[in-house]
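Laboratory data are not the source of any read-out in this text; all were calculated from the coordinates shown. Values in this document were obtained by computation on a predicted structure and should not be read as measured data. Cβ coordinates were reconstructed from backbone atoms using ideal geometry, including for glycine residues, and neighbour counts include every protein chain displayed.
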Amino acid sequence: MNYALIGCGRISPNHIAAAKANGLNFTSICDINMHNMHDKILKFELDPIHTYTDYRRLLEKEKPELVAICTESGKHASIALECIDAGCNVIIEKPIALSLADADEIIRRGREKGVKVCASHQNRFNKSIQKIRDAVDKERFGRLFYGTAHIRWCRDWEYYSRAEWRGTWEQDGGALMNQCIHNADLLRWMMGDEIEEVVGMTDRLNHPYIEAEDLGIALIRFKNGAYGILEGTTDIYPKNLEETLYLFGEKGTVKAGGTSVNKIEEWKFSDQLDDPEMVIRQFAENPPNIYGFGHTPLYTDMIQAIENDCEPYVSGEAGRRALELILAVYKSAAEGKPVKLPMKECDTMDFVGRFGKKIM
């Protein structure tokens, strides 16, 4: 299967490694920054490979079957739509888009053109998360009462200064949209997906040089009667502290933690079907960074979805749901009132000026 990568930034090494591990025919790579592109080619020994600074030229010349889009977030939608129109299946880095209208158009156009759309929420493939999801599917929790997602990380001036698009409403959003959307996705997915309403608060406490929030907190009421708490920040001193996911039910309590919810740290069920200590030992990974090991199985699943003409495990619709939750928090915080779901329209650009001007 002919494969191409568009965008050679911070997350691209995980995509390159996943593509190679899955035996894809890596035909071409694209970035407007030649240094970034050639750095990845040398590091991953990709020669011979065709290089492009214009993704449209790549699509025209290479005609790849599968494209991964790893550019800044604000360009995900426009590039994805052109790839889809060219007949390419797409893996889109999170978030799938920055507006619900764009996400809806990606999903609609993918169906129309008969191609597969995958949102890169790779943490769903963590061994720990798969074990927890299996317990949810088998109803081992009984009635789910509530779940919480905490993302307590550090991002400083050095991080934001390396790319002008970071922390902007047009190209990124803030801590919730960039750093926290993976765990927000997991929380919504585990708790039943369908949300009744969201109450959110956001602020910019410690990063005057960005436009968007560095702290977001939300209460979520699910349609099944369960509740959720989402807390995300880039204000933690002096380094990343934790990413955790808790699920609490009438017959079970679970906590996933570690670098990227890659470890089960609590496992208690009334059915006593498995030994908690054994589960904690068995379902733990030690990834080298916050991106974990999930990209390789995500690629495997996407390849199988293309070959078997079925939906990928993390579909475009899943990407839209994660985006909708973050935008609902933004909207509630901006309006000072609960926001009902589903939402039909919302865009990060709706919140320009929310925290005043950047102070450089």
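Values computed for the structure shown
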item: DSSP-defined beta bridges in the chain - what % are antiparallel, rounded to 5; result: 60
item: Euclidean distance between Cα centres, segment 321-360 to segment 24-64, Å; result: 35
item: Cα-centre dipole for segment 293-360 with unit charges at Cβ (Lys and Arg positive, Asp and Glu negative), debye to 20; result: 700
item: Other-chain or far-sequence residues with amide H under 5 Å of E196's (modelled H); result: R221, F222, K223
item: Centroid-to-centroid separation of segment 102-141 and segment 247-315 [C-alpha atoms, Å]; result: 13
item: Stretch gain in nm, segment I236-D137, where the contour uses 0.36 nm per residue and the Cα spacing is subtracted; result: 32.2 nm
item: Selected from F44, F248, F269 as most flexible by GNM, with the chain as the system and alpha-carbon contacts under 10 Å; result: F44
item: Segment 119-209: trypsin sites (Lys or Arg not before Pro) falling in loop per DSSP and having at most 15 other Cβ within 10 Å; result: K138, R143, R162
item: Rounded to whole Hz, the Karplus (6.51, -1.76, 1.60) HN-Hα couplings of segment 235-249, x for glycine and proline; result: 9, 6, 9, x, 8, 3, 9, 6, 10, 10, 9, 10, 10, 10, x
item: Dipole magnitude of the chain, debye to nearest 20 (Cβ charges: Lys/Arg +1, Asp/Glu -1, about Cα centre); result: 220
item: In sequence order, calculated HN-Hα J values of segment 99-106 (Karplus, 6.51, -1.76, 1.60; Hz; x Gly/Pro); result: 9, 5, 4, 5, 4, 4, 5, 4
item: GNM flexibility winner over the chain from N89, N262, N178 (Cα, springs under 10 Å); result: N178
item: Computed label-point distance, nm, for sites N36 and D54 using a 7 Å Cα→Cβ extension; result: 1.9
item: Cysteines in the chain lacking a second Cys C-beta under 4.7 Å; result: C8, C30, C70, C118, C154, C180, C310, C346
item: Residue exposure sequence - L247, L100, L327 - by fewest surrounding Cβ within 10 Å; result: L100, L247, L327
item: For the chain, with +1 on Lys and Arg beta carbons and -1 on Asp and Glu, the positive-most of G294, V352, Y209 along the dipole; result: Y209
item: Stretch gain in nm, segment A17-Q304, where the contour uses 0.36 nm per residue and the Cα spacing is subtracted; result: 101.5 nm
item: Integer Hz, Karplus 6.51/-1.76/1.60 couplings in order for segment 71-77, x for Gly and Pro; result: 7, 4, 4, x, 9, 4, 5
item: Net dipole in debye of segment 180-220 [+1 Lys, Arg Cβ; -1 Asp, Glu Cβ; about Cα centre; nearest 20]; result: 160
item: Selected from L187, G257, C30, residue furthest toward positive end of dipole (the chain; charges at beta carbon); result: G257
item: Order of C346, C180 - criterion: other Cβ atoms within 10 Å of each residue's Cβ, fewest first; result: C346, C180
item: Cβ-based charge dipole, the chain, positive-most Cα from I306, I326, P95; result: I326
item: Restraint check, K75/K127; K223/K340; K63/K116; K239/K263; K138/K263; K251/K337, Cα-Cα greater than 22 Å; result: K75/K127; K251/K337
item: GNM flexibility winner over the chain from G232, G174, G257 (Cα, springs under 10 Å); result: G257
